[in-house]
Amino acid sequence: MTEGFPHAAVLWDIDGTLADSEPLHLETFRRVAASVGVTLPEDFHERTVGRSEEMSLGLLQSDYGLPLGMAEWTKRRFADYISHAPEIPAIPETLALWHRLAALGVAQALVSNSDRMIVAANIATLGLERPGLVSVTRNDVVQGKPAPEPYLRAALLLGVAPEACAVVEDSATGMRAGLAAGATVYAVPHAEGDLLEGVRPLADLLARLPEDQTA
């Protein structure tokens, strides 16, 4: 554990936390749904943010009559997303914190409810590709967020106890996963809705950095 820092590792969500990618996710959902005659409601994003592809597709099929199965849906949506991924802006404050923690030698991992192809595109856009980078995607676990498995797996891969980890999230779905894993959960300032009980603001994590790194 880095001296003066209370966590053995920091586990990061990506979409909406490090990358401002939620608008692109919504755009690709709308475009692919529209291509088969389905119009998404205004509250679709609020109903699906942080949820897995399977859960979002299930909602589209059951509530809006989407006529595509998983294979064809993912083929179309992922191709659309990946083609636009280089345009995704980073979230400067959190990406800067990632690099500050890396400079301190704090272990870090990326933990996403998205497919491996989506995560790979996001990692490339953020410039975080490096040997030994630990990332956990929806493809790597049986149950995605809000189940704790993604964060438990990330902690296992880093060789640290989940209770010694910090989790940084923007969605209630992800926060629940982090809490269920036993980690200390921090919410980014732009997190959706009110903070869940037990979740701390990201400012608390910033305050715990060694003083010479926060100047």
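Out of segment 1-54, which residues are within 28 Å of residue 128 (Cα to Cα), aromatic (Phe, Trp, Tyr) and not in a loop (DSSP other than H, G, I, E, B)?
Correct list: 12, 29.
Going by the conditions given, is residue 103 more than 21 Å from the chain's Cα centre (by Cα), part of a helix (DSSP H, G or I), on the phi < 0 side of the Ramachandran plot and in the same structural domain as residue 147 (by TED's automatic domain parsing)?
Working: more than 21 Å from the chain's Cα centre (by Cα): yes; part of a helix (DSSP H, G or I): yes; on the phi < 0 side of the Ramachandran plot: yes; in the same structural domain as residue 147 (by TED's automatic domain parsing): yes.
Taking the combined requirement at face value, the residue satisfies it.
From the list 133, 101, which residue is crowded, with 17+ Cβ neighbours inside 10 Å and in contact with a strand residue (DSSP E or B) (Cβ under 9 Å, 6 or more places away or on another chain)?
The unique qualifying residue is 101.
Name the pairs whose Cβ atoms lie under 7 Å apart, with the first residue in segment 182-197 and assigned by TED's automatic domain parsing to the domain that holds residue 151, the second among the polar types (S, T, N, Q) and outside any strand (DSSP E or B), and 6 or more positions between them or separate chains?
Close Cβ pairs satisfying both conditions: 188/17; 188/94; 192/171.
Which condition breaks for residue 16 when tested against (1) under 23 Å from the mean Cα position of the chain (by Cα); (2) small (Gly, Ala, Ser); (3) in the same structural domain as residue 77 (by TED's automatic domain parsing)?
Only one criterion is unmet by residue 16, namely (3).
Does residue 180 qualify as being in contact with a Pro (Cβ under 7 Å, 6 or more places away or on another chain), of a type in the set (A, V, I, L, M) and surrounded by fewer than 18 Cβ atoms within 10 Å (Cβ to Cβ)?
So residue 180 passes the test.
Which condition number in (1) crowded, with 20+ Cβ neighbours inside 10 Å; (2) in contact with a helix residue (DSSP H, G or I) (Cβ under 9 Å, 6 or more places away or on another chain) is the one that residue 175 fails?
The single condition residue 175 does not satisfy is (2).
The values are calculated or read from the model by the stated rules, or taken from the named source; none is laboratory data. Predicted, not measured: the structure shown is a model, and the values here were computed from it. Note: ideal-geometry Cβ built from the backbone for every residue, glycine included; neighbour counts use all protein chains shown.
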